[in-house]
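Scroll down for the structure; my scribbles are underneath it.
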Amino acid sequence: MKKNKIDKKVIINDKKYFKSSPISIIDNTLRVTWLATILIITNFALIANKINEFNKATNVNINLSANILIIIILSIFIIIMFVYYLINWKITRISYDENKIIVYKNILIKDKYEFLIKNVSGFVVEQNIIDKLFKIYRLKIYTEKINNLKPDAHFVVKEHIMFELKEFIIKKIVKKNDILKKLENINNYDIKINIRDVLIHSFFNISIGNSIIIFNVILLIFSMIRDGTIAKEIFTNLLGFLITILTIVFPILYSIISSILKFYGYKLKKVEDLLLVKYGFLTTRSYFIPILKIKGVIIKETLISRIFNFNLLKVICSGVSSKKGELDFLLPMISKDKLNNILLKILPESNFNLSKDLLYQPNFAISIFLVIFTIANILVIPILMYIKLKALYILIYMAVTLIMILVLYYFKRISINKNYILISTGVFIKNISLILYDSVKYIKISEGVISDKFNIHNLSIYITSNFGSLKKGVGYVTKNNLNRIKKKCFES
C-alpha cells in the first residue's frame, strides 16, 4: 500500500486510520521547552556568572562565552525534544471502528490502547489562536475515571477529521442520528452568562487569604486618611505607595481579566441526553458531557457568596473540574433560586433538591469527638509544657482544637433522599455533595468500641472502586440510617 498523506484517512478492515497533524510535534516541543526557556532567560545573569566563576576556578580556557554556551545547551535540549516528538508522531496512528477508538504505537514493541466508546464520559473540542491560524482542532477524550489529571486521549487534527470523530462519538453515546442536527442548530440556550456575571463569579470566588489582605489594605488607607498621613506618604514615597497598592490590586485584576477571557460567551444547553457547554474568547472550547456519566453534583458556597445567597455548581464527571485550565464548574456563581431551576431542567431524572431538611450527626457522636480531643490533649499538652510554652498559648491551643472538634460535628450534615444522598460539609467554604446511589461502588463502615456500643457508625462512600477513587465522608450515622443508605446504594 502506498504511503498516505497525514490528514487523509485510510480504511482497512472496516477501521478508519488517521494521524494527528504534524503541528502537534511543534506544539508538544514548545509545551515542554517553554518552561526551560523561561527559567534560563530569567536566571540568565546568574547562570552566566556561575559558568565564568567555574572557568576561572578550574583554569579551563574555553573560547565559548557563557552566553553562547547557554544558547547551545538550550538548542540541544529543544532539538532532542523535537526529535522525540517527531519519532512519537511517526510511530503513532489512530483508528476507530464500531465500538472503540484505538491508538497504535509501533517501534520495537507494539503498543495498542483501546478506548471503548461506552466508557467515554465526555470530550472537549478546543481551538486556540495558533490552532485557528493552521485550521486545526484539539480533541480531548475522557473515560470513566474520577479526578483525571489529563485526558485519556488527546489528538491534534484537521477540521474534517475532528467533525467525523465528533459525529462518531456523539452518535455512539446518545444513540440518535438526529442529535448532530440539533447540536448545530441551537437557538435558545438553557443558560448564558455575560461579562457582568463573570465579574460576579470572580468576586464571589476571591479567596479568604486575599479577602483578609484586601480588608487590611482598606483599613490601612482609612487609618492614613484619618491620621492625615496619606498625602505625606504619597508625596514623600509615591513609588513605594503605588507598589504596595499594585501588589494587592494586580493579582485581583489579573484573576478577573483572565476569567473574562476564559469564560467569555459561556452558554449551556441540554440536548437529548447530552450537555453542551461552550465558552472562550482567545481559546474556544466545547464540552460534550453525557448525562448518564454524571455521578453527582457539588454545590459550592464561599464566605462571600453565602452572604448574597449565590452558589456554584460542579458535576462529578471525568474531564470536568479535574485539571487546572479545564472547565472547573458547570454553572458559575448564580443565585440559589436560579441554580435550583436550572438543575431541575438539565438533570430532571435525578430530582436534585437543595431545600431538603438536613440531619445532624447523632448526639452521642459529640462524645466520641470529645474523647479524641481529650486523648490529643493528654499526648500534646505535656510536650508543650516540657518546652516551656506559656500557659496562655496552651489554653489557646486547647480552645482551637475544641472548636475544630465541634466544627467537625456540627458542620457535617446529610439528607437521605430517593435517588441520592446529600452531604454538607465546610464552615467558611461550604460544599454540598449530591451523590447518586447508583454511582456508589462500595462503602466503608468504621466501628469503634464506644460507637459500636451505642449503635452509631462512621460511614464513607466511594464513587469508583479503583485506586484514587473519590471518597466522601458521610460522618456518624445511626444504625437505622446506615441500613437505609446501604439499601439504597446496593438496590439501586
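The table below gives the values:
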item: Aspartates and glutamates with Cα under 14 Å of residue 278, excluding same-chain neighbours fewer than 8 positions away; result: 126, 184, 190, 326, 328
item: Quarter of Cα convex hull surface for segment 365-410, i.e. mean projection, nm²; result: 2.9
item: Lysine pairs in segment 350-471 with Cα atoms under 13 Å, if 8 or more residues apart or on separate chains; result: 4
item: Taking 196, 484, 285 and counting other C-beta atoms within 10 Å, the order from fewest to most; result: 196, 484, 285
item: Calculated FRET efficiency for the pair residue 199/residue 357, C-beta based, R₀ 30 Å, to 0.05; result: 0.30
item: Percent of alpha-carbon pairs separated by more than 20 Å within segment 354-492; result: 54
item: 9 Å beta-carbon shell around residue 123, net charge (K/R +1, D/E -1); result: +2
item: Set of aspartates and glutamates near residue 181 by C-alpha distance (under 16 Å), chain-local residues within fewer than 8 positions excluded; result: 164, 167, 272, 273
item: ³J(HN,Hα) computed for each position of segment 168-175 - Karplus, 6.51 cos²θ - 1.76 cosθ + 1.60, integer Hz, glycine/proline x; result: 4, 5, 4, 4, 6, 6, 8, 6
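Only the coordinates and a few stated rules stand behind these numbers; no lab work does. Since we're looking at a predicted model, the values are computed, not measured. Backbone-built Cβ (ideal geometry, glycine too); neighbour counts: all protein chains shown.
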